[in-house]
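Written below as structure tokens is the structure these notes are about.
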Amino acid sequence: MVGDFGLASRMPRGPDERLPQVGSPYWMSPECLRGCHYGPPSDVFSFGLVALESVGRVDADPDCLPRTGNFGVDYVAFARDVAPADAPADLLRAAFACVRVDPALRPDFGQCADQLEAVLSLVVGDGQIDSAGDDVRGVGEEMSRLDPDYVPSPPPAVVASPPPVVTPVNPFVFPRTSKMTGSMLFCSCFEVAMQEEEEEEEEEEAAVTRRKAPPPIRKAVSLVNR
């Protein structure tokens, strides 16, 4: 795996410190997207998204990888519609655990490594993983019951014209601020600015400049006819 540290952020000093929002939106954790405090569990979420991309052989685009309205993953829809029927169930469980909405419920990277080593121990002679008896769809249902923050996606909109066109849920279509354009939101690599704070600072600077500016010189106009 290759990491791009150009969009990295330093470790927070404490639970009250708010770091800049950095990253590519589809891989960013819910807490980071909402502008809340985030730390190492946010990286675990991103790792889980990459793992799900590998399992389902799809991009992280919500049109391909089902998401929920609270920026989580739709476990049921992914297991049902995206994951191959022969996908290793234990690997899917490990990836789902990483993308829980609540960062406190995600494993740390040490626990992730232990889970992946357990999956590798199931590899048989031909390179396949022995997951006989495990139903991939059942893993999605199981995780939806275990995660208290799981929000079932509403029924997709279906256009009544053959063939039916299904519109998946995409929580990223509504930017956090109305001034954030679609190109800013969906570019593959960008830094989400603290836009509200920057705008407030700009307004304060403009107000200070206006106060310091000298008053306009008013010329006396003679009303006496020459």
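Looking at 96, 71, can you tell me which residue is surrounded by 20 or more Cβ atoms within 10 Å (Cβ to Cβ) and part of a helix (DSSP H, G or I)? Steps first, please.
Working: 71 fails: part of a helix (DSSP H, G or I).
The conditions single out 96.
Please specify each residue of the stretch 55-78 satisfying the condition of being of a type in the set (Gly, Ala, Ser) and in contact (Cβ under 8 Å) with a residue 40 or more places away in the chain.
Initial filter on the stretch 55-78 (of a type in the set (Gly, Ala, Ser)): 56, 60, 69, 72, 77.
Those that are of a type in the set (Gly, Ala, Ser) and in contact (Cβ under 8 Å) with a residue 40 or more places away in the chain: 69, 72, 77.
I'd like the full set of residues that are of a type in the set (D, E, K, R) and surrounded by fewer than 16 Cβ atoms within 10 Å (Cβ to Cβ), limited to the stretch 36-68. Give the derivation first.
From the stretch 36-68, those of a type in the set (D, E, K, R) are 43, 53, 57, 59, 61, 63, 67; that's our starting set.
Scanning the stretch 36-68 gives 57, 59, 61, 63.
Suppose the filter is in a loop (DSSP other than H, G, I, E, B), assigned by TED's automatic domain parsing to the domain that holds residue 26 and under 14 Å from residue 25 (Cα atoms); does residue 59 pass it? Before the answer, list the steps.
On the way: in a loop (DSSP other than H, G, I, E, B): yes; assigned by TED's automatic domain parsing to the domain that holds residue 26: yes; under 14 Å from residue 25 (Cα atoms): yes.
The answer is yes for residue 59.
Within the stretch 74-87, track down each residue that is surrounded by fewer than 23 Cβ atoms within 10 Å (Cβ to Cβ) and either modelled with pLDDT of 95 or more or part of a loop (DSSP other than H, G, I, E, B) (or both).
Going residue by residue through the stretch 74-87, those that are surrounded by fewer than 23 Cβ atoms within 10 Å (Cβ to Cβ) are 76-77, 80-82, 84-87.
84, 85, 86, 87, listed by residue number.
The values are calculated or read from the model by the stated rules, or taken from the named source; none is laboratory data. A quick note: this is a predicted structure, and the numbers were derived from the prediction, not measured. Because the Cβ atoms are built from the backbone with ideal geometry, glycine has one as well, and the counts that use them run over all protein chains shown.
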